[in-house]
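Report on the structure given below.
Quick note: the coordinates plus some simple rules give every number you see, no bench work behind them. Being a predicted model, the structure only gives us computed values, none of them experimental. So basically every Cβ, Gly included, is an ideal-geometry build from the backbone, and we count neighbours across all protein chains shown.
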Amino acid sequence: MHLSLRSYPLLLGAVIIFFGCTGVPEKGAEDVINLEIVPPTLQARTDWAQQLADSGLVGTFVLWEPDSARLQASDTARARKGFLPASTFKVFNSLVALQAGAVANEHTIIRWDGVQRRSPDWNEDQDMAQAIARSTVWWYQVVARRAGAERMQHWLDTVGYGNHMMGDSIHLFWLQGGLRITPLEQIGFMEALHREELPFDQAHQRTVKRILPGDSTSVWKLQGKTGWAIRVDEEYGWYVGWVQREGRTAYFATNIDMKTMDDVRKRYTITYALLEREGWVDPKSAQ
């Protein structure tokens, strides 16, 4: 039985009844066994912490490897701390938009309103596949408004996304306000999406998986979403997702303080370097 990171808390203290005979058991013949599911221990990796420090970064890198039940982090305290999801929320927002019919599919074009914004590739008509790759804020604000506050709150509660706190700003709550999600919760959400176990239609989960940005070779495939919380006093960045190699999958969440423009790039490069260290991706020079 596969246990996802999200499933462990639900299975603690579970009781399973095993019947000790074939066919229909006799009354009272069953054996009741208390099955305690022990969640993986979050282990600290000081070598990862040193690699972040050597790269001039303050933050955490968390890696969950279900096949070996290894859950590790460079900073275990920060792995459990809640942060605004920023643009990593576009993954969840895409699912809600499809489920609520805010767009028909990932190819539905939403017209640009003509307002010039800071990123040039935001300033044109685009569909979901383009908007998630470009992290187009206005596009996702449009579909959030179309879905509406009631349906958005319903899905936050149903999925159990972070602390579920939407507040009263349907187009800004993932960028500022009270919504918080921990790096560990990010991993649980991304694993459930990858395994298509979220309470959205399977077709919508497959669509979002298909358009999630990434990198790949013939040996491995990396997919994920970045985020950058810029409407807070102490800015921080995200990179969350999964990597597949030789039939196995690992899930990661990187959360770092954003102090310079160079840290925008480092969200990806430190993640890649640490995944390379653990044998999930190959050195860039070898590709």
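Inter-label distance, R180 to E124: 4.1 nm, where each label sits 7 Å from its Cα along the C-beta direction. For S169 and R195, a Förster radius of 25 Å and the Cβ-Cβ distance give a FRET efficiency of 0.20, rounded to the nearest 0.05. A simple charge model with +1 on the Cβ of Lys and Arg, -1 on the Cβ of Asp and Glu and nothing else charged puts the dipole of the chain at about 540 debye relative to its Cα centre.
Running a GNM on the chain with Cα contacts under 10 Å, which residue among V208, V58, V219 ends up with the highest mean-square fluctuation? Maximum among the listed residues: V219. Relative to the current alpha-carbon distance between E150 and T46, full extension at 0.36 nm per residue lengthens the span by 33.1 nm. Mind giving me the FRET efficiency for A69 and A104? R0 is 45 Å, r the Cβ-Cβ distance, nearest 0.05 is fine. Once rounded, the FRET efficiency stands at 0.65. Among (i) 1.06; (ii) 1.01; (iii) 1.10, which one is Rg/Rh (Cα atoms, Kirkwood Rh) computed from these coordinates? Label of the calculated value: (ii).
In the chain, a dipole from Cβ-located charges (positive for Lys and Arg, negative for Asp and Glu) runs towards its positive end, and of L5, H107, A250 it is H107 whose Cα lies farthest in that direction.
Helical content of the chain, expressed as a calculated mean residue ellipticity at 222 nm, amounts to -9500 deg cm²/dmol (DSSP H runs of 4 or more residues, -39,500 (n - 2.57) each, divided by residue number, nearest 500). When every Cα-Cα distance of segment 67-106 is counted in 5 angstrom steps from zero, the calculated P(r) takes the values 6, 17, 15, 13, 15, 14, 11, 9, 1 percent.
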